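First the structure, in the form of structure tokens, and then the observations on it.
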Amino acid sequence: GDSVTQMEGPVTLSEEAFLTINCTYTATGYPSLFWYVQYPGEGLQLLLKATKADDKGSNKGFEATYRKETTSFHLEKGSVQVSDSAVYFCALSDRGAGGTSYGKLTFGQGTILTVHP
Amino acid sequence: NAGVTQTPKFQVLKTGQSMTLQCAQDMNHEYMSWYRQDPGMGLRLIHYSVGAGITDQGEVPNGYNVSRSTTEDFPLRLLSAAPSQTSVYFCASSYSYKIDQPQHFGDGTRLSIL
């Protein structure tokens, strides 16, 4: 079955540091890939997505590139801010053997990011 | 635009009690789903619906029922609460079930079963 593996956390950085959160996946089909962010006390929000190989998703200074050859979708940001402190989830949606995924998302376990001033 | 609205935000139940978690969306989305979030496990799909009158099971459906009588509403019912159902529950919706569609999440219901 499908699975998503994120780097172990939590991650603690100083403001303006470079961020990388690793994400690798296994899928039976050709999935779409997502990063979601969860701020304290809130639901998940879409951060960025990519739907085919070599696509780069970007939003709010965050980027991730769909690497089919390495089955990876690592999240990066060049200079983090205190306001980026949150939980980050990598997820995929796969077409599956029957040709439709019915919108099911498979999530990684989440990475807690804390940014200090 | 309210998006996805979940009620209640917090609930404490005793083992064996039943309750319904409410979810409503005002975006005319066809697809709706319920996830539970447990520490270190990400989110896991409980049930989903691709349209009014159509529901199906996800990864962890045992102990939960759903129905979809309207496009807007997708309630989740706990039939007989168990401590293992202590979790944070999220409702989500999207325009369609196609795999490139992002999901819109509610703020969650934090449920404790004593």
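Within the stretch A:9-58, being part of a loop (DSSP other than H, G, I, E, B), in contact (Cβ under 8 Å) with a residue 60 or more places away in the chain and within 20 Å of B:ARG44 (Cα to Cα) holds for A:GLY9, A:ALA27, A:THR28, A:GLY29, A:PRO31. In the stretch B:73-81, is there at least one residue being among the polar types (S, T, N, Q) and closer than 26 Å to A:TRP35 by Cα? Looking for residues that are among the polar types (S, T, N, Q) and closer than 26 Å to A:TRP35 by Cα, one finds none in the stretch B:73-81, hence no. When residues in the stretch B:42-77 are screened for being of a type in the set (Gly, Ala, Ser) and in contact with a Gly (Cβ under 6 Å, 6 or more places away or on another chain), 1 of them pass.
Screening B:ARG44 against (1) touching a Ser or Thr at 6+ places or on another chain (Cβ under 8 Å); (2) under 22 Å from A:GLY41 (Cβ atoms) leaves a single unmet condition, (1). All conditions but one from (1) crowded, with 16+ Cβ neighbours inside 10 Å; (2) in contact with a Phe, Trp or Tyr (Cβ under 6 Å, 6 or more places away or on another chain) apply to A:GLN6; the one that does not is (2). For the stretch A:37-49, a residue qualifies if it is more than 8 Å from chain B (Cβ to nearest Cβ) and not polar (S, T, N, Q), and the qualifying residues are A:VAL37, A:TYR39, A:PRO40, A:LEU47, A:LEU48. When the stretch A:17-36 is limited to residues that are hydrophobic (A, V, I, L, M, F, W, C) and more than 11 Å from chain B (Cβ to nearest Cβ), the one that is surrounded by the fewest Cβ atoms within 10 Å (Cβ to Cβ) turns out to be A:PHE18.
Residues in the stretch B:81-98 that are touching a strand residue (DSSP E or B) at 6+ places or on another chain (Cβ under 7 Å), within 19 Å of B:ASP26 (Cα to Cα) and surrounded by fewer than 19 Cβ atoms within 10 Å (Cβ to Cβ): B:SER96 only.
Rule-based calculations on the coordinates, nothing more; no lab input. Since the model is a prediction, treat every value here as computed from it, not as a measurement. All Cβ positions, even for glycine, are placed from backbone atoms using ideal geometry, and neighbour counts span all protein chains on display.
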